[in-house]
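Working notes, structure below.
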Amino acid sequence: MQSNKLGWFLLAPTLVVLFFFGVIPFFYVVWLAFHQWNPFAVNPEIVFNGAANFRQLVFDQGFLASLGVTIAFVFFAVTTELIIGYALAQAFMRDFPGKAFFRTIHTLPLIMAPIIVGSIWKLMTTPSIGIIPQFLDNWFGYDLNIGQSALAAFTVTVIMDVWHWTPLVTLTMIAALVSLPPDPFEQAQIDGANKRQIFWHITLPMIRPAILATVFIRLMDALRTVDEVLMLTGGGPGSATRYLGVHIFKEVFPKTNYGYGSAVSVIVLYLTIVVCWLLFVALIAPRNKKG
Amino acid sequence: MANVAIRDVIKRYGSVQVMHGVDVDIEDGEFVVLVGPSGCGKSTLLRMIAGLEAISGGEIRIGDRLVNDVPPKERDIAMVFQSYALYPHKTVAENIGFPLKMAKRPKAEIAEKVNYAADILDLTKYLDRYPKALSGGQRQRVAMGRAIVRDPQVFLFDEPLSNLDAKLRVTMRVEIKELHQRLGTTIVYVTHDQIEAMTMADKIVVMRDGRVEQIGAPLDLYDDPRNVFVAGFIGSPSMNFIHGTIAGGTQGRVFRSHEGLELPLPPTAAVEGQEVTYGIRPEHISVGEGGIPVKVVVVEPTGSETQVFARSGKNLIDAIVKERIRARPGEEIGFRIDAADVRLFDRKTEQRI
């Protein structure tokens, strides 16, 4: 009984903070999603409008386009991060001179604030002053202009996300690989498996939980990417890189459309949960059920 | 099935040499046990046969093929690890069938062989289970099943029973031996447990510090140990060793310990005054009148036999007798030794005289 009280006492500060900064805003957003609210308009009242925000959302071409590019962005970014992250992790499993140095260096992007990352990439990709367009032009005669080409802008945002977040994937993959028991791998060699077969039949299934956890983290993060992209492209050209986070930001802040923005937020949250749940069901649940 | 020839095999880790020219011949169909204390190189030698560890010198042949640089997957061997090394994400059937799947055998053939192995090992009921839902003994059998389906030239076992409890170990010992009799495949088996070695092997290789101390049939090693190490390692409880010299007595030569204890000698080439180690197995000592007088320290009855620890001077001597002894600690009894059971070793070289 004593220890129980002590436990609550120690938890209390966290619970209070979580309540005010997590729980209340969450329900507030859900509540707002069913209201119309433009606090800076002539009529700043919060007016209940039922599911009107959601009805508007379904027919909103801006939202649907945003959803489409977001899915493409998340898919390409997270897939690339997984592949490069795994390859780097495998590289860091071997011994080579300067390994500790390179491993430390390669995690540096992780400690940078997204807004800084966005600024740096903007500097590097701005035509006429950026280093990247300069080199692409000198070497390949390719004219990179993320202010004009939708595909270029999209690609650069994906590369920026990959640059920023691959080290996280590498770190979790290293952790997963290090914790693998060596015996099944030696056994597989004796059982006649070649390197490719060992990867598909042994390594991949054994680190599947870690991969999935990493995908969840990266998926949730990538789905709500705002500042980097806002800084780099501002969602453009047109709405080529107007990802959901950017879309919500633009609805809520410049347009001060708080009710509608809340509705989009709720949908994004719902989407995130559904995607993660689907992944979980597809990849982890069947194995547990059989076991 | 094949013989295995190990010739002058050397292993170095950097500048440290851990294996110093090991020679072992393993006949086709033989059950060979590598035994020795931990760190003696027995597991390293097994891993070198498997190809998991590179050899720094010498050669290893499986059948007639030199396999020094052949990767494990092409050596046609099967191995059972101490940890069983089951694939945790695969069912029992998938685990057993894995080598066949890697060899791209047809599905029907895989199913047939898996069922055959499961039948032999009594695993049919568990084919759909995952390793985590099996007991230690069952996991052990899955690992063996995975080896059986290969129908390899050689089976390698790396301390396969060490993780099992004592009772199960005895059962599995019998099962492995039975399996060997049924399949007739060459087996190389590593253990630190000399009882396992004695009970299972056709031939035992005793190793110490990266060298082979002696190779022979279990009873040959028991009867004719080449040196003090083998004499002490084989047999349980271990042989009694008493240090002393050869002395001339009134009725011919005797062994005289440093405390003056006189013990009978077998015919020997040892010369008078030579420093020797006198070895006698506990089970070769009997208790009776007219023996060497000793003071009882501890009596341990186990029912079928009685183990008596007794002291003569500084020497603690261990005897195992069939009769039930009712001596109390401190009481004086007589230990009788038949000179024919005595093994003499040179004190310095520790080699048999």
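For the stretch B:216-313, compute Rh as the Kirkwood radius over C-alpha pairs and then the Stokes-Einstein diffusion coefficient at 10 °C and 1.306 mPa s; write the answer in µm²/s, rounded to an integer. Please list the in-between numbers first.
Details: Rh = 15.1 Å.
D = 105 µm²/s.
Just report the Cα centroid separation between the stretch A:165-210 and the stretch B:53-120, whole Å. That distance is 19 Å.
Given +1 on the Cβ of Lys and Arg, -1 on the Cβ of Asp and Glu, and no further charges, what dipole in debye does chain B carry about its Cα centre, rounded to the nearest 20? Provide the component values of the computation, followed by the final result.
Values: 46 positive and 48 negative charges, 234 e Å.
Here the size comes out at about 1120 debye.
The share of alpha-carbon pairs in the stretch A:137-291 lying farther apart than 19 Å comes to 68%. Between chain B and chain A, roughly 2100 Å² of accessible surface gets buried, counting both sides and using a 1.4 Å probe. Find the percent of Cα-Cα distances in the stretch A:72-185 that exceed 20 Å, and round it to a whole number. Of the Cα pairs, 53 percent sit more than 20 Å apart.
Return one whole number: the accessible area per residue of the stretch B:23-89 in Å², for a 1.4 Å probe. Show your work: numbers first, answer last.
On the way: 2360 Å² over 67 residues.
Value for the stretch B:23-89: 35 Å² per residue.
Sequence-ordered 3J(HN,Hα) estimates for the stretch B:229-238 from the Karplus curve with 6.51, -1.76 and 1.60 and θ = phi - 60° stand at 4, 5, 4, x, 7, 8, x, 9, x, 6 Hz, glycine and proline given as x.
Near B:Val80, the amide H atoms lying under 5 Å from its own belong to B:Leu156, B:Phe157, B:Asp158; only residues 5 or more places off or on other chains count, and H is placed 1.01 Å from N.
From other protein chains only, count the Cβ atoms within 10 Å of every residue's Cβ in A:173-186, then give the mean.
Working: counts 0, 0, 0, 0, 0, 0, 0, 0, 4, 4, 8, 10, 2, 10.
Mean inter-chain Cβ contacts per residue within 10 Å come to 3.
Averaged over A:200-212, how many beta carbons belonging to a partner chain fall within 10 Å of each residue's beta carbon? Walk me through the numbers on the way to the answer.
Values: counts 0, 7, 5, 0, 1, 4, 3, 0, 1, 1, 0, 0, 0.
Mean inter-chain Cβ contacts per residue within 10 Å come to 2.
For chain A, the direction-averaged projected area of the alpha-carbon convex hull comes to 23.4 nm².
Could you size up the charge dipole of the stretch A:1-157 around its Cα centre, putting +1 on the beta carbon of Lys and Arg and -1 on that of Asp and Glu, and report it in debye to the nearest 20? List each step's numbers first, then the result.
Values: 6 positive and 6 negative charges, 101 e Å.
Computed about the Cα centre, the dipole is about 480 debye.
The solvent-accessible area of B:Ser236, taken with every protein chain present and a 1.4 Å probe, is close to 80 Å². Can you give me the solvent accessible area of B:Glu305 with a 1.4 Å probe, rounded to the nearest 10 Å²? Its accessible surface works out to 60 Å², give or take rounding.
Residue-wise HN-Hα couplings along the stretch B:286-292, as the Karplus relation 6.51 cos²θ - 1.76 cosθ + 1.60 with θ = phi - 60° gives them from phi, are 10, 9, x, 5, x, x, 6 Hz; Gly and Pro carry x.
With a 1.4 Å probe rolled over the protein heavy atoms of all chains, the accessible area of B:Leu261, A:Leu171, A:Leu6, B:Leu46 falls in the order A:Leu6, A:Leu171, B:Leu261, B:Leu46, largest first. Basic side chains Lys and Arg get +1 at the Cβ, acidic Asp and Glu get -1 at the Cβ, and with that the dipole of chain A about its Cα centre reaches some 580 debye. For B:Ala111 and B:Val70, FRET efficiency with R0 = 25 Å and r from the beta-carbon atoms, rounded to 0.05? Plugging the Cβ-Cβ distance into 1/(1 + (r/R0)^6) gives 0.25.
A straight Cα-to-Cα reach below 24 Å connects A:Lys250 with the lysines A:Lys122, residues fewer than 8 places away in its own chain not being considered. Over 22 Å apart at the Cα level, from the set B:Lys73/B:Lys177; A:Lys195/B:Lys125; B:Lys73/B:Lys113; B:Lys42/B:Lys101, are B:Lys73/B:Lys177; A:Lys195/B:Lys125; B:Lys42/B:Lys101.
As an exercise, identify the trypsin sites (Lys or Arg not before Pro) in the stretch B:272-353 lying in DSSP coil whose Cβ has no more than 16 other Cβ atoms within 10 Å.
Details: sites: B:Lys295, B:Arg311, B:Lys314, B:Lys322, B:Arg324, B:Arg326, B:Arg336, B:Arg343, B:Arg347, B:Lys348, B:Arg352; in loops: B:Lys314, B:Lys322, B:Arg324, B:Arg326, B:Arg347, B:Lys348.
Listed in order of number, the matching sites are B:Lys314, B:Lys322, B:Arg324, B:Arg326, B:Arg347, B:Lys348.
Let me know the mean shielding of B:85-97 by other chains, meaning the per-residue number of their Cβ atoms within 10 Å of its Cβ.
Details: counts 10, 3, 8, 7, 10, 4, 2, 0, 0, 1, 3, 0, 0.
Partner Cβ neighbours, averaged per residue: 4.
Simple spin-label estimate for A:Ala91 and A:Leu108 gives 1.5 nm between the two label positions (7 Å along the Cα-to-Cβ direction from each Cα). Under 5 Å from the amide H of B:Val276 lie the amide H atoms of B:Gly244, B:Thr245, B:Ile246, B:Arg347, each residue being 5 or more positions distant or on a separate chain, with H modelled from the backbone and absent for Pro and chain starts.
Diffusion coefficient (Stokes-Einstein, Kirkwood radius over C-alpha pairs, 20 °C, 1.002 mPa s) for the protein assembly as shown: 68 µm²/s, rounded to a whole number.
Could you work out how much longer the chain between B:Ala327 and B:Ser162 gets when fully extended? Use 0.36 nm per residue separation minus the Cα distance between them, nm to one decimal.
55.7 nm is the gain from fully extending B:Ala327 to B:Ser162.
Each principal axis of the Cα atoms in the stretch B:8-53 has its own extent, and those three values, largest first, are 37, 20, 19 angstrom. The order of A:Trp121, A:Trp277 by accessible area, most exposed first and with a 1.4 Å probe, is A:Trp277, A:Trp121. Surface composition of chain B: carbon and sulfur atoms hold 47% of the protein heavy-atom accessible area at a 1.4 Å probe. Accessible surface of B:Glu27, taken over heavy atoms with a 1.4 Å probe and every protein chain present, rounds to 100 Å².
Tell me which aspartates and glutamates have Cα within less than 13 Å of B:Lys104's Cα, excluding those fewer than 8 residues away on the same chain? Counting by Cα, and skipping residues close in sequence, B:Lys104 has these aspartates and glutamates nearby: A:Asp191.
In this rough spin-label picture, where each label sits 7 Å from Cα along the Cβ direction, the B:Asp28-B:His258 distance is 5.4 nm. Globularity index of chain B is 1.20 (Cα radius of gyration / 2.2 N^0.38 Å, N = number of residues). Derived scalar couplings between HN and Hα for the stretch B:150-166 equal 5, 6, x, 6, 9, 9, 10, 10, 10, 6, x, 9, 5, 8, 9, 6, 4 Hz in order, rounded to whole Hz, by the Karplus curve 6.51 cos²θ - 1.76 cosθ + 1.60 (θ = phi - 60°), x for Gly and Pro. Normalised by residue count, the stretch B:297-351 yields a Cα convex hull volume of 116 Å³ per residue. For the stretch B:296-338, the solvent-accessible area works out to 62 Å² per residue, with a probe of 1.4 Å and every protein chain left in place. As an equivalent ellipsoid, the stretch B:1-150 spans semi-axes of 32, 17, 14 angstrom, where each value is the square root of five times an eigenvalue of the C-alpha gyration tensor, largest first.
The values are calculated or read from the model by the stated rules, or taken from the named source; none is laboratory data. This one's a predicted model, so the numbers in the text were calculated from it and none came from an experiment. Counting neighbours? That spans all protein chains shown, and the Cβs are built from the backbone with ideal geometry, glycine included. Just the protein is used for accessible areas: all its heavy atoms, side chains included, with ligands, DNA and RNA removed. Shrake-Rupley method; radii C 1.70, N 1.55, O 1.52, S 1.80 Å.
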